[in-house]
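Read the structure below first, then the notes.
The values are calculated or read from the model by the stated rules, or taken from the named source; none is laboratory data. Being a predicted model, the structure only gives us computed values, none of them experimental. No Cβ is skipped: glycine too gets one built from the backbone with ideal geometry, and neighbour counts run over all protein chains shown. Just the protein is used for accessible areas: all its heavy atoms, side chains included, with ligands, DNA and RNA removed. Shrake-Rupley method; radii C 1.70, N 1.55, O 1.52, S 1.80 Å.
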Amino acid sequence: MDVQYTIVIADDHPLFRNALLQSIHMAISDTHLLEADSQNSLFSLLEKTKDIDLLLLDLKMPGSNGISGLIQLRQQYPELAIVVISASEETEVVQQVYNHGAFGFIPKSSDMQVLLNALKQIINGEPYFPTTLNDTHYIHQQLPTKIATLTPQQYKVLTMLTEGLLNKQIAYDLNVSEATIKAHLTAIFRKLDVKNRTQAVILLQQLELHSLAQ
């Protein structure tokens, strides 16, 4: 049975929203799609909709001044996966989007196949950025900094995740309650800017592989 994904498309151009709707249906078999055409309507939608899997965001909508809209969203919804889809495709813009915690960037000029591949990659939990962006930038600079914000106990929980242990197993080994482990995981996901344990484990593995390659 396919998992249903809830995806929000935030763009003020009806024709582009419609094209994106069709692309998503082609890339992902079972989706619940919602639309917003301004920053205000987007925040209203986010307030009343639970468990959104992905937000596809245009940087330039009524009420949003470019990157500031993304920053505001990251502050209010730190665990929401946001992918920017923009006609502003300069490397500096992509880098800013990356630096402010977006899960991906898809240029509006992308052809259909690139768009479909990007959407499939993102829904499978892998960030997507144009190849013009230095792929190792995150591992070089941002990830070690974010790892450093974890408390010793949180880091221990994260390393135990990489061993494939369940919450109750980690709780038993650390002699704490399962609720405490869940609280640690929530904090870890927020600090690492990931949505789930799989993404957290992948990030730590990337960092370790990068260190071994040095």
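Structure summary
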| quantity | calculated |
| --- | --- |
| Contour excess over end-to-end distance, with Cα ends at Thr159 and Gln113 and 0.36 nm allotted per residue | 12.9 nm |
| Debye intensity ratio in log₁₀ form over the Cα atoms of segment 5-124, taken at each q of 0.09 Å⁻¹ | -0.20 |
| Computed FRET value (nearest 0.05) for Leu21 with Lys50, which takes r as the C-beta separation and R₀ as 22 Å | 0.55 |
| Residues of the chain: accessible area per residue with a 1.4 Å probe, Å² | 53 |
| Taking the chain and dividing mean pair separation by its residue count, relative contact order in percent (alpha carbons under 8 Å, at least six apart) | 16 |
| Förster radius 22 Å - calculated FRET efficiency between Asn40 and His13, Cβ distance, rounded to 0.05 | 0.85 |
| Normalised per residue, the volume of the convex hull around the Cα set of the chain (Å³) | 137 |
| Within the chain: Cβ-based charge dipole about Cα centre, in debye rounded to nearest 20 (Lys, Arg +1; Asp, Glu -1) | 580 |
| Cα-based helix-to-principal-axis angle, 197-213 vs the chain, degrees rounded to 10 | 80 |
| Carbon and sulfur %, accessible surface of the chain computed with the full protein complex present, 1.4 Å | 52 |
